[in-house]
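Please treat every number below as a calculation from the coordinates, not as lab data. Everything quoted here is computed from the prediction, not taken from an experiment. In this analysis, Cβ positions are derived from the backbone assuming ideal geometry, glycine residues included, and neighbour counts consider all displayed protein chains.
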Amino acid sequence: MSRRLQFILLLVFGFVWFSNLEYRKLVNPDEGRYAEIPREMVASGDWTTPRLNDIKYFEKPALQYWATATAYTLFGEHHWTARLWSALTGFLGVLMTFFAGRRLFGQETGWNAALVLSSSLLYVLIGHVNTLDMGVSFLLSAAVCAFCLAQSGVSDARKHRRWMLAAWAALALAVLSKGLIGLVLPGAALFLYILIERDWRLAGRLHLAPGLSLFFLVTVPWFVAVSLANPEFLRFFFIHEHFERFLTKAHGRYQAPYYFIPVLLAGTLPWTVTVVDALARAWKREPEKSFQAQRFLLLWTTVVFVFFSASSSKLVSYILPMFPALALLTGARLTRLGARALAWQTLPAALAGIVLLALMPGIERYASREVPVELFRDYAVWLSAASLLQIAGAAACAWLAWRGRAAAAMALLAATGLVFAQLALSGHESLSTANSAYHIAQKIKPELKPGMPFYSVNTYDQSLQFYLRRSTTMVVYQDELGFGIAQEPQKFIADFARFENTWNTEREALALMSRDAYEMFSAKGLPMRLVAHDSRRIVVARHLVANP
């Protein structure tokens, strides 16, 4: 493939990858939360203490907040700038996988690995959603790739040192992105590799002294600064957010130990069968090499999978750090896979499209008072179109592979997978009136005056603050803001009686309420005027009572 064609394909991929960042409204809860924290950083000028709804929020470190706040400062506060860090690190992850695959296993493997990663369903989806998982996945994978490059036959001592220092720097940034998993997971994979391979000398090739110095130089300043400003930070962040999250069900995300098996199988579509095939063969030793890169990558994926499967807190996106390594192993397998074997391994992707299409008539069963059936019907149109594309694309890939045109088949399958995921993402905008506060915020803005009190009564909408460009006073409801409220209780109204007294003394005020709270206050005759409502939210204004 000529460099010119590679450049054209990169431009096309970049256009498709970044095309719909602005189109979709921010979805609750994660996108609203991780858009609002950096907005408050910019508004307050305090980039040390993260705050959510003007309340201290220490659940995660600050790296992604800083990146998004920088994007806001440079380009303004938009949907695309809120999602830019996830999209950019996802895009760079594909380029990194291409580069590492080419260096470790050859040009063809690098290309194949990039195709696999850029079209794997879960990777594409998370790469376009504003959460912390894509950023930390990129940084962890960058550390793993840099480590493998340092250990894989680099004869130049200076290059070896540079790659190892790059790995240490990536680990430090991963810790600043999501905490101690940035060090614990790679350390566990390395320990297992040394133990199994009995390669005790590998420990001497880690450049521990300069590496740890660089690691602490990157990570320590913020942890010290935030701890000096907030003495309560250390106990909450390191004990509650790491050990208690892993060992207990405190966060309400407990799932069965096998939870991530279907997540992995669905998330690697349209390459699922080939991924399983690659994993089954990845342990094979390469006798001519002292460092077994494929074995290390397999151990890395195993550590990530087992660690989060054992955790008492599980979310679909937690196993995302596996995906670049899975893509490298799958890319290496594809270079040895016969064209007809590829054809058979492609067909299950078409079957997945058929199953999804068959499920569309039943999508209405997921409707509720909060998400009306009409929204799901609109979304079903997008998913049906994506399913038809998947079926046609996978069938065409199988036909091309059967005729011996494996390279064209893989490229078409990757394009099909990428566009399928983007259609599913874009179609999710059909649910935005229920899942995002954007629409109701537009109705509130004409009523909202500078400095006007605004209360969140027995509820909290994660994206409302971003769209209104201001915080709200919490009433009764705490949830994840409970720790911060305990540090600053003056910013919180603990019961309905106190809220009623406060509301009655206000001349002008607005309140976001749960439906139950609205019905209770209506029955009590609380002076309020309905401003806006939708399937999830009710917003009221304080009556202006004229003097007799």
**Prompt:** Karplus couplings for region 53-59 from phi (6.51 cos²θ - 1.76 cosθ + 1.60, θ = phi - 60°), rounded to Hz, Gly and Pro as x?
**Reply:** 6, 6, 10, 3, 9, 10, 5
**Message:** Full-extension gain between Ala385 and Ala256, please, as 0.36 nm times their residue separation minus the C-alpha to C-alpha distance.
**Reply:** 43.2 nm
**Item:** Estimated FRET transfer efficiency when R0 is 35 angstrom, pair Ser312-Glu108 (beta carbons, to 0.05)
**Value:** 0.25
**Message:** If I model a spin label as a point 7 Å beyond the Cα along the Cα-Cβ vector, how far apart are those points for Ala229 and Gln478 in nm?
**Reply:** 2.4
**Fill in**
Where a ≥ b ≥ c are root eigenvalues of the Cα gyration tensor, a/c under 1.5 meaning rounded, otherwise prolate if a/b exceeds b/c and oblate otherwise, region 438-542 counts as rounded
**Asked** For region 96-103, what does the Karplus curve 6.51 cos²θ - 1.76 cosθ + 1.60, with θ = phi - 60°, yield as ³J(HN,Hα) per residue in whole Hz, taken in order and with x for Gly and Pro?
**Response** 4, 5, 4, 5, 5, x, 5, 6
**Message:** I'd like to know which of Ile391, Trp300, His160 lies farthest towards the positive end of the charge dipole of the chain, counting +1 on Cβ of Lys and Arg and -1 on Cβ of Asp and Glu.
**Reply:** His160
**Asked** When only Cα pairs under 8 Å and 6 or more residues apart are kept, what is the percent relative contact order across the chain?
**Response** 17
**Request:** Can you pull the one-decimal nm distance between simple spin-label points at His78 and Arg469, each 7 Å off the Cα toward Cβ?
**Result:** 1.6
**Message:** Skipping prolines and chain starts, which residues have an amide H placed within reach, meaning under 5 Å, of the one on Met528, given they are 5 or more residues away or on another chain?
**Reply:** His543
**Message:** Distance between the C-alpha centers of region 1-79 and region 102-155? Whole Å please.
**Reply:** 20
**Complete:** If the chain between Arg285 and Leu212 were fully extended at 0.36 nm per residue, the gain over the current Cα-Cα distance would be 23.2 nm
**Fill in**
Net charge (Lys, Arg +1; Asp, Glu -1) of residues whose beta-carbon lies under 11 Å from that of His533, His533 excluded, is +3
**Asked** Which aspartates and glutamates have a Cα lying under 16 Å from the Cα of Lys443, excluding residues fewer than 8 positions away in the same chain?
**Response** Asp461, Asp534
**Request:** Residues in region 78-95, backbone N under 19 Å from the label point at Leu9 (7 Å along the Cα-to-beta-carbon vector): list them, ranges by number please.
**Result:** 91-95
**Prompt:** What net charge is computed for the residues neighbouring Phe291, neighbours being all others with C-beta under 14 Å from the C-beta of Phe291, Lys and Arg scored +1, Asp and Glu -1?
**Reply:** +3
**Segment Trp222-Arg162, length gained on full extension (0.36 nm per residue, minus Cα span)** = 19.1 nm
**Fill in**
Taking every other residue with Cβ under 14 Å from the Cβ of Val175 and scoring Lys and Arg +1, Asp and Glu -1, one gets +1
**Request:** Give the whole-number value, in cubic angstrom per residue, of the convex hull volume spanned by the C-alpha atoms of the chain.
**Result:** 162
**Estimated dipole of the chain in Debye, rounded to 20 [Cβ of Lys and Arg +1, of Asp and Glu -1, Cα centre]** = 1600
**Furthest towards positive pole of dipole, Ile354, Phe499, Leu212, structure part the chain, Cβ charges** = Leu212
